[in-house]
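The values are calculated or read from the model by the stated rules, or taken from the named source; none is laboratory data. As the structure is a prediction and not an experimental result, all values here were calculated from the model. Because the Cβ atoms are built from the backbone with ideal geometry, glycine has one as well, and the counts that use them run over all protein chains shown.
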Amino acid sequence: MFGKEYSLAGFPSLNSIFNDNQIKRLSFTWILATIATSFVVALVVLNGSVTMFFLLIYTFYLLFSLTVGILIKKDIPTRASFLKLNFLYLLMMILLIIDSLY
């Protein structure tokens, strides 16, 4: 995203090691690992069916929306993906707290 600017400023960046396609594949692998972790949390850690339901619904939505963005549009929507993944982390924390209270 800003690899050229970092290189011009003298800072190391991934663009000096990987090309854009490799960075996109690495990012998508990281996204899939995060989604797999949320499946484990939903199916193993959470005890309540309501909290499990909310986490699974959002996880499937995230998986579908990011996969469609990558496979059909051939690009990772950076800002939207960042916000969706951070919301997944926030939702997991909130649901873990709610699940431990009930």
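When region 44-64 is examined, which residues are found to be touching a residue at least 12 places away in the same chain (Cβ under 8 Å) and either surrounded by fewer than 14 Cβ atoms within 10 Å (Cβ to Cβ) or of a type in the set (D, E, K, R) (or both)? Once the filter is applied, which keeps residues that are touching a residue at least 12 places away in the same chain (Cβ under 8 Å) and either surrounded by fewer than 14 Cβ atoms within 10 Å (Cβ to Cβ) or of a type in the set (D, E, K, R) (or both), region 44-64 yields only Asn47.
Put simply, of Lys74, Lys24 the only residue that is basic (Lys, Arg) and touching a residue at least 24 places away in the same chain (Cβ under 8 Å) is Lys24.
Of the residues making up region 73-89, not one is loosely packed, with under 11 Cβ neighbours inside 10 Å, within 11 Å of the chain's Cα centre (by Cα) and among the charged types (D, E, K, R).
Highlighted here are the helices (runs of 4 or more DSSP H) found entirely within the chain that include at least 2 residues which are modelled with pLDDT of 85 or more: 20-40, 49-71, 78-101.
Residue count for region 3-54, restricted to those that are under 13 Å from Leu96 (Cα atoms), over 15 Å from the mean Cα position of the chain (by Cα) and not hydroxyl-bearing (Ser, Thr, Tyr): 11. Quick check: is even one residue across region 1-15 surrounded by fewer than 15 Cβ atoms within 10 Å (Cβ to Cβ), touching a residue at least 24 places away in the same chain (Cβ under 8 Å) and not β-branched (Val, Ile, Thr)? Yes: region 1-15 contains one or more residues that are surrounded by fewer than 15 Cβ atoms within 10 Å (Cβ to Cβ), touching a residue at least 24 places away in the same chain (Cβ under 8 Å) and not β-branched (Val, Ile, Thr).
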